[in-house]
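Just below is one structure, and these are the notes that go with it.
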Amino acid sequence: MTTDNSPTTQTSWWSLPGRFLRREFLPVLTDLRLAIALLLIIALFSISGTVIEQGQTPAFYQANYPEHPALFGFLSWKVIQVVGLDHVYRTWWFLGILVLFGTSLTACTFTRQLPALKAAQRWKYYEEPRQFQKLALSAELETGSLDSLSQILKNQRYKIFQEKDDILYARKGIVGRIGPIIVHIGIVTILLGGIWGAMTGFMAQEMVPSGSTFQVKNIIDAGPLALSQVPKDWSVRVNRFWIDYTPSGGIDQFYSDMSVLDNQGKEVDHKKIFVNQPLRYHGVTFYQTDWGISGVKIRFNNSPIFQLPMAQLDTNGAGRIWGTWIPTKPDLSEGVSLIAKDLQGMVLIYDETGKLIDTVRAGMSTQVNGVRLRILEVIGSTGLQIKADPGIPIVYTGFALLMLGVVMSYFSHSQIWALKKGDRLFVGGKTNRAQVAFEQQVLDILEQLNNPSESQVKTPVSGVSS
C-alpha cells in the first residue's frame, strides 16, 4: 500500500477544517436568530444581576433566599451560589456569552456588512435602455440633457461619475452603508469594556472613623485581574465626618471631608462628598453610603482625654444604637455604660444594674460613682463604598460609536443612472430606504428636465413604500 504525499492531497487535507468553518459553522455564527437569542439571554441574566444583590456574604443569601420556601419554587441560596448569580457579571459562562455574541457580530460585519459596503462603492454604467426596466423608478424623456441633469444632481449633493458624454451615474448617502458597521463596532466595544471591567474591577466597603487615614483593603467583590487596580501608592484621610439633621431630628444629609494623600503624606486631592457626589481619583470612586459611631472622647475629673471605641448593639431591628463600657475605678471593679443613637451629642449613662443615671450632651459633665465624667465628643465614622471599573471608558466609547452608527444608518443610499440614446434620455434610480421621499425627489428632478408628461414616467414597481 502506498501513501500519496502529493501537495494536492496535503492541501486538501488541511483545508478540511477551514471548509467546515466556512460552510457549516460560519452560517450559524452569523445567523440573526442566534444574535437575537444571545442578546435576550444577556438581557435576562443582566436583569437577574440587578434584582439579586451582588457580592454579599453567604449568610446574607441564606437569610434572604431560604430553601423552604424557595423563591418562585426553585430560587434558593444554594442555586444562587452554585450558578453564580451572586456575582453573575464575573461568571465564566456570562463572559462566554458576551464573547460569543461579540464574535457573532464581528463575523457578521466581515461576511455581510463590509461586502455590502464594498458593493455600494462599486458601480457600473447602464449602457442599454432595457437595463432601466429593472429599477423601481425610471422614466424615458423626449427632451433633456445629461449636462442639465448633472447640474441638478450636483445641487442636490449627489456625487457624479461620468466617463462618456452619453452615460452618467450618481449617488449619495454612502455613509448610510457605513452606519451598520459602526453600530457593530460600537456594540463589540461595549462588550469588550464590560468584559475588561468584570476582569479588572473591584468593589470594597470601609467604615472609617472621622480623622483616620486608610487604604483600600476590605474588598468584597473583585475580578481575577483586579489586584493591579487596587491603589497601593496613595491613601485617603477622612478629615471630618458630620451629619445635618432636620428640625424634627431626622437625618437630612451626611458628609465626609476627604483628602487623597501620596506616599509622603502630601495632599494631592481634596473633596467634600455626600450622597450622589462621590470622590473620584485615578479610576477609583468613593461613594458616601452609610454612617456609624466609632467612639467617644471622655475625661475623668482632670485626667487626660481618653478615646474609647463604641460598638453597634443588636436591637433586633428596632433601630441602631451604639454602646461602650467605661470603668470608673482603676481596678475595673465599677463602671458605667454609655449609649448613643446619633451624632447630635446626646449620651445616655446607665449603671451596672441597667438603671439610667443621667442624660448628657457633648461638652457636659455628670457625677458618677464619685467621679466627674465629662463627655467631650461623640466620634462618627463614615461608611464608604469604593468601586473601580477600568472598563467604563471603553463602554462609554462604545456607546458613542453606537449612537453615531445609528444616526449614520438613517442616511439613505440613493443611486441614479442616466443614458442619452439618440433624442431620448433614460433616467432611473433606487434607494435602500425612504422610498416615497426618493420617488418624490426623482419626480422633482424629472420635472426640472423640461416638465415631462405624466405618461412619460413609469409607475414605481416592487411595492414601493416608505
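Determine whether S210 is at pLDDT 90 or above and either among the polar types (S, T, N, Q) or in the same structural domain as W325 (by TED's automatic domain parsing) (or both). Criteria met by S210. With respect to the conditions (1) of a type in the set (A, V, I, L, M, F, W, C); (2) modelled with pLDDT under 90; (3) over 27 Å from Q253 (Cβ atoms); (4) touching a Leu at 6+ places or on another chain (Cβ under 8 Å), V336 falls short on a single one, namely (2). The criterion of at least 3 residues that are under 30 Å from P224 (Cβ atoms) and modelled with pLDDT of 90 or more is met, among helices (runs of 4 or more DSSP H) falling completely within region 22-118, by 32-51, 92-108. Looking at region 339-356, which of its residues are at pLDDT 90 or above and either among the β-branched types (V, I, T) or outside the structural domain of K297 (by TED's automatic domain parsing) (or both)? Result: I339, V347, I349.
Being more than 26 Å from G345 (Cα to Cα), modelled with pLDDT of 90 or more and in contact with a Phe, Trp or Tyr (Cβ under 8 Å, 6 or more places away or on another chain): is that true of V260 here? The answer is yes for V260. Of all residues in region 317-332, those that are of a type in the set (F, W, Y) have Cβ atoms under 7 Å from Cβ atoms of residues that are in a strand (DSSP E or B), 6 or more apart or on another chain, in W322/I293; W322/A311; W322/Q312; W322/A340; W325/G335; W325/S337. Quick one: count up the residues across region 228-244 that are under 16 Å from I379 (Cα atoms) and touching a residue at least 60 places away in the same chain (Cβ under 8 Å). Count: 4.
Consider region 227-271. How many of its residues are among the acidic types (D, E), in a strand (DSSP E or B) and surrounded by fewer than 13 Cβ atoms within 10 Å (Cβ to Cβ)?
Of the residues in region 227-271, the ones among the acidic types (D, E) are 233, 244, 252, 257, 262, 267, 269.
The next check asks that each one be in a strand (DSSP E or B); those that pass are 244, 252, 257, 262, 267, 269.
With surrounded by fewer than 13 Cβ atoms within 10 Å (Cβ to Cβ) added as a condition, the list becomes 244, 252, 262, 267.
Qualifying residue count for the region: 4.
Being in a helix (DSSP H, G or I), modelled with pLDDT of 90 or more and under 26 Å from V216 (Cβ atoms) is a description that applies to I394.
R90 satisfies every condition listed in (1) surrounded by 12 or more Cβ atoms within 10 Å (Cβ to Cβ); (2) over 30 Å from L425 (Cβ atoms); (3) more than 35 Å from the chain's Cα centre (by Cα) except (3). The set of residues from region 142-193 being part of a loop (DSSP other than H, G, I, E, B), surrounded by fewer than 20 Cβ atoms within 10 Å (Cβ to Cβ) and either without any contact (Cβ under 8 Å) to a residue 24 or more places away in the chain or not hydroxyl-bearing (S, T, Y) (or both) comprises E142, Q156, R157, Q162, E163, K164, D165, D166, I174. Is at least one residue of region 299-319 farther than 28 Å from N369 by Cβ, among the polar types (S, T, N, Q) and in the same structural domain as K232 (by TED's automatic domain parsing)? Looking for residues that are farther than 28 Å from N369 by Cβ, among the polar types (S, T, N, Q) and in the same structural domain as K232 (by TED's automatic domain parsing), one finds at least one in region 299-319, hence yes. Flag set for F438, criterion: surrounded by 21 or more Cβ atoms within 10 Å (Cβ to Cβ), in a helix (DSSP H, G or I) and under 41 Å from the mean Cα position of the chain (by Cα). Just one of the listed residues (V268, V260, V275) is within 28 Å of D86 (Cβ to Cβ) and without any contact (Cβ under 8 Å) to a residue 40 or more places away in the chain, and it is V275. Looking only at region 200-223, residues that are touching a residue at least 40 places away in the same chain (Cβ under 8 Å) and either assigned to a helix (DSSP H, G or I) or under 20 Å from P393 (Cα atoms) (or both) come to 5 in all.
Just to be sure before I move on: is W196 surrounded by fewer than 18 Cβ atoms within 10 Å (Cβ to Cβ), aromatic (F, W, Y) and under 30 Å from H282 (Cβ atoms) in the structure I sent? So W196 fails the test.
Conditions tested, residue by residue: (1) surrounded by fewer than 16 Cβ atoms within 10 Å (Cβ to Cβ); (2) out of contact with any Gly (no Cβ under 8 Å at 6 or more places or on another chain); (3) part of a strand (DSSP E or B).
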position	(1), (2), (3)
Y287	no, yes, yes
G292	no, no, yes
S303	yes, yes, no
G319	yes, yes, no
T324	no, no, yes
D331	yes, yes, no
T353	yes, yes, no
Q367	yes, yes, yes
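When P224 is tested against the conditions (1) in contact with a strand residue (DSSP E or B) (Cβ under 7 Å, 6 or more places away or on another chain); (2) surrounded by fewer than 14 Cβ atoms within 10 Å (Cβ to Cβ); (3) over 19 Å from F286 (Cβ atoms), the lone failure is (1).
Taking the criterion of being more than 27 Å from A204 (Cβ to Cβ) and either in contact with a strand residue (DSSP E or B) (Cβ under 6 Å, 6 or more places away or on another chain) or in contact (Cβ under 8 Å) with a residue 24 or more places away in the chain (or both), the residues of region 297-307 that qualify are K297, I298, R299, F300, N301, I305, F306.
The values are calculated or read from the model by the stated rules, or taken from the named source; none is laboratory data. Everything numeric in this text was worked out from a predicted model, so none of it was measured. When we count neighbours, we look across all protein chains shown, and the Cβ atoms used for this are built from the backbone with ideal geometry, even at glycine.
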